[in-house]
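J.: Dropping the structure in here first, questions after.
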Amino acid sequence: QVQLVESGGGLVQAGGSLRLSCRTSGIIFSINTMGWYRQALGKQRELVARITSSGITNYGDSVKGRFTISRHNAKNTVYLQMNNLKPEDTSVYYCAAALEGRWTWGQGTQVTVSS
């Protein structure tokens, strides 16, 4: 059974930092592309960052230069370091694993940035 469990969300002031973690089980983590997406209230889910099995990364335009995705294959975990947070970063953040041509999602973790 595939499980993706996010942690690390919370309330932070603008300009602050948070680190999200996503621990996985039930997949061969090292071969999968992993991603972070977010969905704000009333908006569509959007890409935050992705990282391939070989460590190639890409980011959504709104977070470039502020967020960093990384992975630790031995721990089956993907991370999202978020710096210089802005109120518009307030969203539910979802971890995702690319499995058999589609994304499998975690339950999400709320990030709220106060101004």
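The values are calculated or read from the model by the stated rules, or taken from the named source; none is laboratory data. Bear in mind the structure is a predicted one, so any value in this text is a computation, not a measurement. All Cβ positions, even for glycine, are placed from backbone atoms using ideal geometry, and neighbour counts span all protein chains on display. We work out accessible area using only protein heavy atoms, side chains counted, and drop any ligands, DNA or RNA first. Shrake-Rupley method; radii C 1.70, N 1.55, O 1.52, S 1.80 Å.
J.: Please report, as a whole percent, how much of the solvent-accessible surface of the chain comes from carbon and sulfur atoms (probe radius 1.4 Å).
T.: 47 percent
J.: Which value, in debye to the nearest 20, gives the size of the charge dipole of the chain about its Cα centre, when Lys and Arg are +1 and Asp and Glu are -1 at the Cβ?
T.: For the chain, the charge dipole is close to 120 debye.
J.: For Lys75, list the lysines whose Cα falls under 26 Å from its own Cα; do not include residues on the same chain fewer than 8 positions away.
T.: Reachable lysines: Lys64.
J.: Taking springs between alpha-carbon atoms closer than 10 angstrom, which of Gly55, Gly42, Gly65 fluctuates most in the Gaussian network model of the chain?
T.: It is Gly42.
J.: Then there's this: Antiparallel as a % of all DSSP beta bridges within the chain, to the nearest 5?
T.: Roughly 90 percent of the DSSP beta bridges within the chain come out antiparallel.
J.: Write down the accessible area per residue of the chain in Å², having rolled a 1.4 Å probe over the full set of protein chains.
T.: 54 Å²
J.: Running Debye on the chain with equal point scatterers at the Cα sites and no solvent, what base-10 log of I(q)/I(0) appears at q = 0.14 Å⁻¹?
T.: These q points yield log10 I(q)/I(0) values of -0.51.
J.: Only Cα pairs under 8 Å and at least 6 apart count here; give the relative contact order of the range 27-76 as a rounded whole percent.
T.: 31 percent
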